[in-house]
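Participant: Please find one structure pasted underneath; my questions will follow.
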Amino acid sequence: MSSNNNEWRSAAVSTGTTIIAVRYDGGVVIGSDSRASMGGEYVSSRVINKVVQVHDKIFCCMSGSLADAQAVTNAVIHKLNFHSMQMGEPPLVQSAASIMREFCYNHRDELSAGFIVAGWDRKKGAQVFDVSMGGMVVEQEFTIGGSGSTYIYGYVDAKFKPGMTRQQCVTFTTNAITLAMDRDNVSGGVVHLAVVTESGAERQLIPGNKLPVFQRI
Amino acid sequence: MQGGSACDGGSKGLKMGTTIIAIEFDGGVVLGSDSRVSAGESVVNRVMNKLSPLHDKIYCALSGSAADAQTIAEIVSYQLDVHSIEVGQDPLVRSAATLVRNISYKYKEELSAHLIVAGWDRRDGGQVFATLNGLLSRQPFAVGGSGSFYVYGFVDAEYKPSMTKEECQQFVTNTLSLAMSRDGSSGGVAFLVTIDDKGVEEKCILGNQLPTFHDP
């Protein structure tokens, strides 16, 4: 089953993707897959990390057009750094989400990227914000995004329980991304994880052969 | 509700944006569906039973264009009737699925419907066949319809081989409930049909009796 067109050569690089962030008492767990595709047919990178650190304890996940996502993320890093220097203290997660939203909303006609902003701050602790494509911001206990997220709505609705521990959240996140990668052909590769708590941020990478295996038919 | 929007249904066609599922257990099958029929943005029937009998112990689950799916089911029901008289015994589930597949494949450009065929016969017990786009594939379980995309992850994770009849019924109910809460084109009540060697059991689970999950 192959196609003979070469449209992918002129297609934009997109992170057809699966991203997820979930909050627990004490921190957040953030995860993504690692595939960047062009035209839905060519995998232009199989090891890209879509979990970007925008500040010491604030991360954001990218989805949609990779160029747009990177441009916005870099602008946010710059602005957040400046804001934090002016305030003289680490920025709030809500500030990062707000800055992200400003860019997404003001340029909503030109951009095509969605984000999840998650992290820890001293005022409200662990938070997860979903900053979707037009610039809407919603704070939630957990959120999923990207093309692969469609396939795991049922799974995360069924499996999420308030009051999970850090390890349970890591398992929840890894399972969700694996299931999405199994069904979405523009998500794949390895699972990138980041865990942010009061004491700092820790990154983790789970290679393809260590991912959970679900029943196959 | 303005009259204008209510009349849009005619041009958009009745669509069963839907969630359908069928799963096999040792000795039979369980089929499930939601009950919403939409025309554009309006719900024209909120209690439609999309599980349609093709023969005594063979049912099919309808999705896609309501007219196309119902017509295929009626034609196959007639063809199966004739076939079972010719062979002098109850038809095989595979025969029913093949008849559905033949119509879906031959008219694949004109039709827009996906039927999942499931039932019980004496030769191979419970069987589930998917006939999407004109293929014929026997599977331990199959999901279909617009709502199915949201529950692929859930069914991949939760399915275990060798589940009992009750576990299958619970699996189907949970899957339908999750899909109905996320898919705008699925909703209403859940219909379940369980077929085994003893007979056919039809059940309807009302909206407020469906299992609830995390609702942000």
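Participant: Region A:100-174 to region B:76-145: how many Å between their Cα centroids?
Facilitator: Using only Cα atoms to place each centre, the spacing works out to 42 Å.
Participant: Which whole number gives the average, over all residues in A:121-131, of C-beta atoms from other chains lying within 10 Å of the residue C-beta? Intermediate results must be reported in sequence, preceding the final value.
Facilitator: On the way: counts 0, 0, 0, 0, 0, 0, 0, 0, 0, 0, 0.
Rounded to a whole number, the mean comes out at 0.
Participant: When we measure straight from the Cα of B:K108, which aspartates and glutamates land under 18 angstrom away, once same-chain ones fewer than 8 places off are left out?
Facilitator: Answer for B:K108, where 18 Å is the Cα cut-off: B:D68, B:E74, listed by chain and number.
Participant: Let me ask something else. Just check region A:108-217 against the gyration tensor rule for me: Cα atoms, a ≥ b ≥ c as the square roots of the eigenvalues, rounded for a/c under 1.5, and otherwise prolate or oblate depending on whether a/b exceeds b/c. Present the calculation step by step, with values, prior to reporting the outcome.
Facilitator: Working: a/c = 1.65, a/b = 1.15, b/c = 1.44.
Note, shape of region A:108-217 comes out oblate.
Participant: Taking a ≥ b ≥ c as the square roots of the eigenvalues of the Cα gyration tensor of region B:134-183, is the shape rounded (a/c under 1.5), prolate (a/b larger than b/c) or oblate? Before the final figure, lay out each step's value.
Facilitator: On the way: a/c = 1.93, a/b = 1.07, b/c = 1.81.
Taking the square roots of the gyration eigenvalues as a ≥ b ≥ c, region B:134-183 is oblate.
Participant: May I pose another question? If you take every residue apart from B:A61 with its C-beta less than 11 Å away from the C-beta of B:A61, what net charge results, scoring Lys and Arg +1 and Asp and Glu -1? Mind dumping the intermediate values first?
Facilitator: Working: positive: B:K50; negative: B:D34.
With Lys, Arg at +1 and Asp, Glu at -1, the neighbours total 0.
Participant: Same structure, new question: Select from region B:107-216 those trypsin sites (Lys or Arg not before Pro) which occupy a DSSP coil region and have at most 11 other Cβ atoms within 10 Å, ordered by residue number. Intermediate values should be presented prior to the final figure.
Facilitator: Values: sites: B:K108, B:R122, B:R123, B:R138, B:K165, B:R182, B:K198, B:K203; in loops: B:K108, B:R122, B:R123, B:K198.
For trypsin sites (Lys or Arg not before Pro) across region B:107-216 that sit outside H, G, I, E and B with at most 11 neighbouring Cβ atoms in 10 Å, the list reads B:K108, B:R122, B:R123, B:K198.
Participant: Continuing with the same structure: Show which lysines lie in cross-link reach of B:K198 when reach means a straight Cα distance below 21 angstrom and same-chain residues fewer than eight apart are skipped.
Facilitator: B:K57, B:K165
Participant: Additional query: Identify all aspartates and glutamates with a Cα-Cα distance to A:K50 below 17 Å; exclude those on the same chain that are fewer than 8 residues away in sequence.
Facilitator: Filter leaves A:D33, A:D68, A:D130, A:D184, A:E202.
Participant: Further, regarding this structure: Within a Cβ distance under 10 Å of B:R138, other residues only, what is the Lys/Arg minus Asp/Glu net charge? Could you put the intermediate results ahead of the total?
Facilitator: Working: positive: B:R94; negative: B:E24, B:D124.
Net local charge, B:R138 excluded: -1.
Participant: What average count of beta carbons from other chains do you get within 10 Å of the Cβ of residues in B:155-162? Kindly include the intermediate steps, with their values, before the conclusion.
Facilitator: Working: counts 7, 14, 13, 6, 4, 1, 2, 0.
The mean count of partner-chain Cβ atoms within 10 Å per residue comes to 6.
Participant: Taking a ≥ b ≥ c as the square roots of the eigenvalues of the Cα gyration tensor of chain B, is the shape rounded (a/c under 1.5), prolate (a/b larger than b/c) or oblate?
Facilitator: Working: a/c = 1.90, a/b = 1.19, b/c = 1.59.
Oblate, since a/c reaches 1.5 and b/c is not below a/b.
Participant: As a check on your grasp of the helix formula, calculate [θ] at 222 nm for chain A: sum -39500 (n - 2.57) over DSSP H runs of n ≥ 4, divide by the residue count, round to the nearest 500. Working shown, then result.
Facilitator: On the way: 4 runs with 61 residues, N = 217.
That calculation yields -9000 deg cm²/dmol at 222 nm.
Participant: Here's another thing I want to ask about it. For the cross-link pairs A:K79/A:K123; A:K57/A:K124; B:K160/B:K203; B:K50/B:K203, which exceed 18 Å when the distance is taken from alpha carbon to alpha carbon?
Facilitator: Values: A:K79/A:K123 20 Å; A:K57/A:K124 13 Å; B:K160/B:K203 23 Å; B:K50/B:K203 13 Å.
Check vs 18 Å cut-off fails for A:K79/A:K123; B:K160/B:K203.
Participant: Using the Karplus equation 6.51 cos²θ - 1.76 cosθ + 1.60 (θ = phi - 60°), what ³J(HN,Hα) coupling, rounded to whole Hz, does each residue of region B:128-145 give in order, writing x for Gly and Pro?
Facilitator: 10, 10, 9, 10, 4, 6, x, 8, 10, 9, 7, 9, x, 8, 9, 10, x, x
Participant: Can I ask one more? What does the charge count around A:I206 come to, taking other residues whose C-beta lies under 15 Å from its C-beta (Lys +1, Arg +1, Asp -1, Glu -1)?
Facilitator: Numbers: positive: A:R35, A:R46, A:K50, A:R203, A:K210; negative: A:D33, A:D182, A:E202.
It works out to a net charge of +2.
Participant: A further question follows. Per 20 Å bin, what percent of the C-alpha pairs of the protein assembly as shown does each bin hold, from zero upward?
Facilitator: Using 20 Å bins, I get a P(r) of 24, 49, 24, 3, 0 for the protein assembly as shown.
Participant: Still on this structure, I have one more. From the phi of every residue in region B:29-43, what ³J(HN,Hα) in whole Hz does the Karplus formula 6.51 cos²θ - 1.76 cosθ + 1.60 yield, where θ is phi - 60° and glycine or proline is x?
Facilitator: Going residue by residue, I get 9, 10, 10, x, 8, 8, 9, 9, 10, 10, 10, x, 9, 9, 8 Hz, with x marking Gly and Pro.
Participant: Moving on to the next point. How much mean residue ellipticity at 222 nm does chain B get from its helices, if each DSSP H run of length 4 or more adds -39500 (n - 2.57) and you divide by all residues, to the nearest 500 deg cm²/dmol?
Facilitator: -10500 deg cm²/dmol
Participant: From the phi of every residue in region A:186-193, what ³J(HN,Hα) in whole Hz does the Karplus formula 6.51 cos²θ - 1.76 cosθ + 1.60 yield, where θ is phi - 60° and glycine or proline is x?
Facilitator: Karplus-based 3J(HN,Hα) across region A:186-193 equals 9, 10, x, x, 9, 9, 9, 10 Hz.
Just so you know, all these numbers are worked out from the coordinates, no wet-lab data involved. Note that the coordinates shown come from a computational prediction; the quantities given were computed from them, not determined experimentally. Glycine gets a Cβ as well: all are built from the backbone with ideal geometry, and neighbour counts include every protein chain shown.
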